[in-house]
1. Within segment 18-60, which residues are modelled with pLDDT under 75, farther than 30 Å from A106 by Cα and surrounded by 10 or more Cβ atoms within 10 Å (Cβ to Cβ)?
2. Take V10 and tell me if it is at pLDDT 75 or above and either among the hydrophobic types (A, V, I, L, M, F, W, C) or under 20 Å from C129 (Cβ atoms) (or both).
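The values are calculated or read from the model by the stated rules, or taken from the named source; none is laboratory data. In this text the structure is predicted, and so the values were computed from the model without any measurement. Positions of Cβ are backbone-derived with ideal geometry, glycine not excepted, and every protein chain shown enters the neighbour counts.
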Amino acid sequence: MRKLILPALVLSLFVISLNGCNNPTQNFDFREGDSLLIEGPTVLNLRADTTTSDPSDRLSVQGEYYTDYATIDKTYDWSISGDAVIDSTFDYNGLKVAVSFPATSADSTIYTLNVDDGEFKGSIEIKVCRSLELTDKGFCQ
C-alpha cells in the first residue's frame, strides 16, 4: 500500500499540471498591429536659465523618441506640431529622433509627435511645462 501512495501522488500532480495548461483563456492569439508605438518622455520640464537674473527665464529642452517593434527595412518619417524642431534622426532609416522644445511663456504646451513608415502611423502627445515650483505631483500638472 505504501509503495503505491507516492507514485499515485506524483501521477495526480502531473495530471493536474497538464490540465492547468489546457485553459483556453490563457492562450493568446497573435494579431499584427495597425499602428506604430512611439516611446519616449511624455512630460518635459523647461530648466531655469541660471545665466540671467530673472528666475522665470527658461532654457529649451530636448527629448529622444523611438518606435517600438520597428523594422530596419523601412524608412521612418517624423513630424512635430507647433514650434518644436526635429534636430536629428538616427539609427536604421530614422528609427530614433531627437526633438528640441523651445522655452515659451505659456505654463504648458502640448505637442504631437508623429511617425509614418508608409504602411503604419503612430503619434504621441508631449507636454512641456515651465513650472517654477516643485509640487507634490512634480513640476508638470
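1. G33
2. So V10 fails the test.
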